[in-house]
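The values are calculated or read from the model by the stated rules, or taken from the named source; none is laboratory data. Only a predicted model underlies this, so the values are computations on that prediction, with no experimental measurement involved. Cβ coordinates were reconstructed from backbone atoms using ideal geometry, including for glycine residues, and neighbour counts include every protein chain displayed. Accessible surface areas use protein heavy atoms only, side chains included; no ligands, DNA or RNA. Shrake-Rupley method; radii C 1.70, N 1.55, O 1.52, S 1.80 Å.
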Amino acid sequence: MKIIFFAVIISMFFSACSEKKAPVLAPEYLFHEEGQKVITSLINDKIGTISIIYGNEGAFRSALDPVKNHVSGERYIMVTWKQKPMPHWYGTDMNGPIISVETVITRSDQAGRVSFDYSSALCNGKLLDSKDKDHNHRARFIADQPAAVFP
Amino acid sequence: MIVIIGVAMIIFVPLQFSSPDLGNPATKKEISLPTEVKAILERACYDCHSNRSQPEWFDRIAPVSYMVGHDIKEARSRLNLSEWDRNPPAVQQLLLWEMVNAIEEKKMPLPRYLTIHPNAAVSPAELAVLKQYVNTLPGRNMTDTSPIVRSDSNKRMPLVPVALNGIHYFSDFKTWRIISTTDKYDGGSMRVVYGNDLMVQAIKSKKLPFPDGAKIVKVVWGKQHEDKDGNILPGNFQNVQIMIKDRKKYRSTEGWGFAKFDGLKLKPFGKSVAFATTCINCHRLLVSESDFVFNIPTK
């Protein structure tokens with residue numbers, strides 16, 4: 001008899017937890033480009049964004065180099081998402097929709113001087129920050145970030 | 001009618017003799033809280049999450065007493081505000097944030113408990129008080145000011161680290177796709193979350209639950225000080241957290257195998273295989289509808 005009552009109680013226990021609202025997955029928030037490794041990530045609470053800087057092998061090598069001797073052929077991609085609160089956990093913000101994809105490519109002239117080609121795809125034609133209008137400054141900001149520590 | 005009452009009495013009366021004891025163990029170390037916060041918790045949480053339970057008379061009558069006894073036992077094992085020093089300080093903070101989240105998500109107090117104990121309900125204003133409180137905890141906005149220590153990539157690890165549940169560390173996640181990136185401001189860390197092909201395909205096809213073989217790897221760093229433009233960069237590496245889906249192998253943890261490897265030496269986390277229970281308890285409470293995963297891109 002005790003077993004029957006236990007069964008009733010346990011079923012009540014689980015039925016009380018069965019209220020579920022399925023989330024809508026958002027694959028459009030994913031970014032991927034073959035051959036790119038994560039160099040680092042950035043949070044900017046002032047403008048409410050969260051970013052990842054990816055790089056090709058050359059860019060990755062440069063990011064690991066404390067002296068930052070850039071060479072031709074490095075390719076950086078900085079993807080920036082709008083921050084949003086993490087669903088179901090107050091205390092964490094996460095990436096929402098992608099708002100910009102910036103690309104930096106290093107090239108060298110005959111004298112061996114390295115320059116930085118910068119291009120960006122910004123949603124709604126808006127710049128995130130007026131300071132970023134200086135493309136060379138922005139390119140150096142992206143290309144000069146040190147690699148985050150991985151084991 | 002007399003027969004029905006008679007049968008009911010035959011069932012009901014003996015049950016009372018085997019009813020569980022709802023007594024309180026001694027209070028060891030009570031949590032210290034601001035008065036207004038404590039008042040909310042005493043009314044909403046203490047009946048189950050402390051050694052100061054005060055069950056109503058009807059809670060003590062079987063078969064209700066069985067359910068109440070089960071709830072109190074389970075609740076004390078998860079969070080006991082009367083044995084607070086059982087948890088290290090970092091875990092205490094995490095438990096307090098989890099408590100706020102459980103209330104916000106309306107998972108706590110348990111809805112069926114609220115039905116017969118409406119006085120335990122936490123109002124939006126009271127939840128705001130609790131949120132304000134957790135935002136004063138030391139982990140909030142914690143920054144990593146230590147010089148960044150880098151591993152020597154030329155040095156190979158002597159052995160592949162293995163978690164107590166048998167999950168091996170692996171490094172090929174670095175070629176996987178990123179499924180999310182997070183700012184965990186409750187504990188001062190930032191994370192990049194990778195998913196293997198099966199995980200990414202499931203997200204792309206908007207399919208839940210995730211299939212067996214789906215894997216998630218979360219890389220965790222401290223947060224450096226904000227620069228003048230508002231940028232915050234990763235500080236020291238803290239840990240790698242792994243989730244592997246295998247419904248059969250990890251049945252007791254909702255089909256997910258958990259592993260965590262701490263520091264650059266990737267020391268397996270936990271003192272016993274029960275460490276995974278701590279992980280799934282929180283995931284089960286708050287994200288059962290997302291196949292027990294927090295870090296997925298959702299609208």
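Cβ-Cβ below 8 Å, separation at least six or inter-chain, first residue in the stretch A:90-110 and more than 14 Å from chain B (Cβ to nearest Cβ), second of a type in the set (S, T, N, Q) and not in a strand (DSSP E or B): which pairs? Sorted first by the residue in the stretch A:90-110, then by its partner, the pairs are A:T106/A:S72; A:R107/A:S72; A:S108/A:S72.
State whether the residues of the stretch B:63-78 include one that is touching a Phe, Trp or Tyr at 6+ places or on another chain (Cβ under 7 Å) and more than 30 Å from B:I11 (Cβ to Cβ). Scanning the stretch B:63-78 turns up no residue that is touching a Phe, Trp or Tyr at 6+ places or on another chain (Cβ under 7 Å) and more than 30 Å from B:I11 (Cβ to Cβ). Under the condition of being touching a Ser or Thr at 6+ places or on another chain (Cβ under 9 Å), closer than 18 Å to B:K299 by Cβ, part of a strand (DSSP E or B) and not charged (D, E, K, R), the residues counted in the stretch A:64-100 number 7.
Criterion applied to B:V162, B:V200, B:V134 was being aliphatic (A, V, I, L, M) and either more than 8 Å from chain A (Cβ to nearest Cβ) or in contact with a His (Cβ under 7 Å, 6 or more places away or on another chain) (or both), and the one residue passing it is B:V162. The number of residues in the stretch B:171-197 that are assigned to a strand (DSSP E or B) and either more than 8 Å from chain A (Cβ to nearest Cβ) or open to solvent by less than 50 Å² (accessible area, probe 1.4 Å) (or both) comes to 14.
Scanning the stretch A:101-117 for residues that are part of a loop (DSSP other than H, G, I, E, B) and polar (S, T, N, Q) gives a single hit, A:Q110. In this structure, does B:D71 turn out to be within 14 Å of chain A (Cβ to nearest Cβ) and charged (D, E, K, R)? Yes.
Does the stretch B:208-235 hold any residues that are closer than 23 Å to A:E33 by Cα and either assigned to a strand (DSSP E or B) or at the interface with chain A (Cβ under 8 Å from one of its Cβ atoms) (or both), and which are they? Listed by number, the residues that qualify are B:K215, B:I216, B:V217, B:K218, B:V219, B:V220, B:L233, B:P234. For the stretch B:236-256, indicate whether the set of residues that are more than 19 Å from the chain's Cα centre (by Cα), facing chain A (nearest Cβ under 8 Å), open to solvent by less than 50 Å² (accessible area, probe 1.4 Å) and within 30 Å of A:V149 (Cβ to Cβ) is non-empty. Taking every residue of the stretch B:236-256 in turn, at least one turns out to be more than 19 Å from the chain's Cα centre (by Cα), facing chain A (nearest Cβ under 8 Å), open to solvent by less than 50 Å² (accessible area, probe 1.4 Å) and within 30 Å of A:V149 (Cβ to Cβ). Among residues of the stretch A:32-60 being at pLDDT below 95 and more than 7 Å from chain B (Cβ to nearest Cβ), the one that is least open to solvent (accessible area, probe 1.4 Å) is A:Q36.
For B:C279, the criteria (1) at pLDDT 95 or above; (2) closer than 27 Å to B:L95 by Cα hold in every case but one, which is (1).
Determine, yes or no, whether B:S146 is surrounded by 13 or more Cβ atoms within 10 Å (Cβ to Cβ) and among the polar types (S, T, N, Q). No: the conditions fail for B:S146.
Restrict the check to the stretch B:204-211 and report whether at least one residue is open to solvent by less than 10 Å² (accessible area, probe 1.4 Å) and small (G, A, S). Within the stretch B:204-211, none of the residues are open to solvent by less than 10 Å² (accessible area, probe 1.4 Å) and small (G, A, S).
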